[in-house]
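See structure below.
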Amino acid sequence: MKREYHRWYSHRLGMELGVVVYGHWGPPLLGFPTSAGDEWELEGQGLIGSLAPLIDAGRVKFFSLNSVNWAGFYNKGAHPFHRSYVQSQFDAYVREEVVPFVWDNCQSPGIAISTMGASFGAYHAANTLFKHPDVIRHCFALSGVYDIRGFMSGMYDDNTYFNNPVDYLANLSDPWIFAQLAQCDIHIATGNGPWENSGPSYRLSKILADKGIRHSLDDWGPQGGHDWPFWKHQMWEYVSRLF
């Protein structure tokens, strides 16, 4: 499998972040790590290897991202408003830096991009689509949590609101956003397997349904556990069926 490593300094975040690219061609799929992961986590946990036949066949071109969770929501030593500010800057980094990089790497300006993530990565994958449905067209959010108020020590500001899907989606009224979301393929995956809490997925699904936003709440039952073997199986099924 072809593998490239790219790294650049983001002035928005004040640090260097890396992106690992797997494959020669195919529709781009952005993968977000879990809470403490980096751009190598998805490979290290075997997800990339499990998808290797599909990547080599050009079904997808996989872009594995780093995160700044350690500097944002998981930085308990920082002021809560700094945590939400870091998330707002990370969102801007993905949209204004990673998306153009993907288009350039694929030599296809404007090509539709997909996202995926598990656990806290599912939050990033879903939040990125909901905020940028004009460029992110598919999302696979596995075993996620979609209410970040628990990371804010009881405080709340605009950066929290605009990066908290259960809040801004519930109040969504912009016709342009609805029109863009209508063209998206959104998969919220959960189940009743080991260590899984399906409550956040069902809550998000209800908010989407109440707003008439088309999506799939995929309850995998006992195959919907909160661990890598379950997530690898789910992503194999999604990519092999939908790409």
Residue 190 being at pLDDT 95 or above and within 21 Å of residue 82 (Cα to Cα): no
Check 179, 209, 170, 126 and return the single one that is outside any helix (DSSP H, G or I) and hydrophobic (A, V, I, L, M, F, W, C). 170
In the range 181-198, which residues are surrounded by 18 or more Cβ atoms within 10 Å (Cβ to Cβ), more than 14 Å from residue 143 (Cβ to Cβ) and either free of Cβ contacts under 8 Å to residues at least 60 places away in the same chain or basic (Lys, Arg) (or both)? 181, 184
So which pairs qualify, if the first residue must be in the range 13-36 and without any contact (Cβ under 8 Å) to a residue 60 or more places away in the chain, the second must be surrounded by 19 or more Cβ atoms within 10 Å (Cβ to Cβ) and of a type in the set (Phe, Trp, Tyr), the Cβ gap must be under 7 Å, and the two must be at least 6 apart or on different chains? 22/62; 23/62
Tell me, please, whether a residue that is crowded, with 20+ Cβ neighbours inside 10 Å and over 23 Å from residue 37 (Cβ atoms) can be found in the range 217-226. no
Taking residue 201, is it modelled with pLDDT of 95 or more, part of a helix (DSSP H, G or I) and surrounded by 15 or more Cβ atoms within 10 Å (Cβ to Cβ)? yes
Checklist (1) under 18 Å from the mean Cα position of the chain (by Cα); (2) within 18 Å of residue 243 (Cα to Cα) applied to residue 26, failing item: (1)
Residue match in the range 37-56 (condition: part of a strand (DSSP E or B), touching a strand residue (DSSP E or B) at 6+ places or on another chain (Cβ under 7 Å) and not aromatic (Phe, Trp, Tyr)): no
Apart from one, (1) at pLDDT below 95; (2) farther than 22 Å from residue 131 by Cα; (3) not aromatic (Phe, Trp, Tyr) all hold for residue 35; the odd one out is (2)
Which of the numbered conditions does residue 26 fail, given that it passes all the others? Conditions: (1) surrounded by fewer than 19 Cβ atoms within 10 Å (Cβ to Cβ); (2) under 15 Å from residue 106 (Cβ atoms). (1)
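The values are calculated or read from the model by the stated rules, or taken from the named source; none is laboratory data. Note that the structure is a prediction, hence the values are computed from the model and not measured. Here Cβ is always computed from backbone atoms with ideal geometry, including for glycine, and neighbour counts include all displayed protein chains.
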